[in-house]
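Below: the structure, in structure tokens.
What follows draws every value from the coordinates through simple rules; no lab data is involved. As the structure is a prediction and not an experimental result, all values here were calculated from the model. A quick note on method: Cβ atoms are made from the backbone with ideal geometry, for glycine too, and the neighbour counts reach across all protein chains shown.
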Amino acid sequence: MVARNFQELIDVVASDPSQRITHEDVMRLAKAIGLTAFYNSAGLEVAQRFHNGSLSYAIGDAIMNDLWNLALDDLDDLDAQQLPEPFYQIYESFDAGEYHRTSNKAEDPVAEFTKPMITEILRKSHSG
């Protein structure tokens, strides 16, 4: 369900970067499966699409940042009142690609950090 309907949210961000994913969007998609399952499923969907090349880093990062802010707002309503896993790990993976660690900015933080982290998260989610 999330994969099919999540395309709508991806399209919102991809078509107009000034558009944001809203709490109403999340609640509409999460009502059938719950917030924790939604955030985990949505995060895994973003990770998988980024991994297979159908979603750019910039769009994936924007989506994860939107979802991160909404998840923080929803923290009181999430199961066990903690950020869902692997959602949090996926957010951290995209966040790792946002900044250079050297002053000359010679490294590619997406290639060096985000991609391997996403690959490992997906490997664990498929084997677990």
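Choose one of HIS51, GLY97, GLN19: the residue whose Cα lies farthest towards the positive end of the charge dipole of the chain (beta-carbon charges +1 Lys, Arg; -1 Asp, Glu; about the Cα centre).
HIS51
Run a plain Debye calculation on the chain (Cα atoms as equal point scatterers, no solvent) and give log10 I(q)/I(0) at q = 0.13 Å⁻¹, rounded to two decimals, same order as the q list.
The Debye formula, applied to the Cα set alone, gives -0.51.
Could you work out how far apart the two model spin labels at LYS124 and HIS51 are, taking each label as a point 7 Å from the Cα in the direction of the beta carbon, and quote it in nm?
Rounded to a tenth, the inter-label distance reads 1.2 nm.
How big is the charge dipole of segment 39-128 about its Cα centre, in debye rounded to the nearest 20, if each Lys and Arg gets +1 on its Cβ and each Asp and Glu gets -1 on its Cβ? Before the final figure, lay out the partial values.
Details: 6 positive and 16 negative charges, 109 e Å.
I would put it at about 520 debye.
Can you figure out the FRET efficiency of ASP73 with ASN5, using R₀ = 22 Å and their beta-carbon distance, to the nearest 0.05? Write out the running numbers ahead of the final one.
On the way: r = 20 Å, r/R0 = 0.93.
About 0.60, to the nearest 0.05.
Relative to the first principal axis of the alpha-carbon coordinates of the chain, what is the inclination of helix 115-127, with its axis defined by its Cα atoms, in degrees from 0 to 90 and to the nearest 10?
Computed tilt is about 40 degrees.
Given the DSSP H assignment, sum -39500 (n - 2.57) over each helix run of at least 4 residues in the chain and divide by its residue total; what's the result at 222 nm in deg cm²/dmol, nearest 500? Write out the running numbers ahead of the final one.
Details: 6 runs with 79 residues, N = 128.
Calculated from helices alone, the mean residue ellipticity at 222 nm is -19500 deg cm²/dmol.
Which one of ALA30, ILE63, ALA111 has its Cα pushed farthest toward the positive end of the charge dipole of the chain, where Lys and Arg give +1 and Asp and Glu give -1 at the Cβ?
Projecting each Cα onto the dipole axis, the largest value belongs to ALA111.
Just to confirm the filter: which trypsin sites (Lys or Arg not before Pro) across segment 17-114 are DSSP coil and have at most 12 other Cβ within 10 angstrom of their Cβ?
Values: sites: ARG20, ARG28, LYS31, ARG49, ARG101, LYS105; in loops: ARG20, LYS31, ARG101, LYS105.
Within segment 17-114, the qualifying trypsin sites (Lys or Arg not before Pro) (loop, at most 12 other Cβ atoms within 10 Å) are LYS31, ARG101, LYS105.
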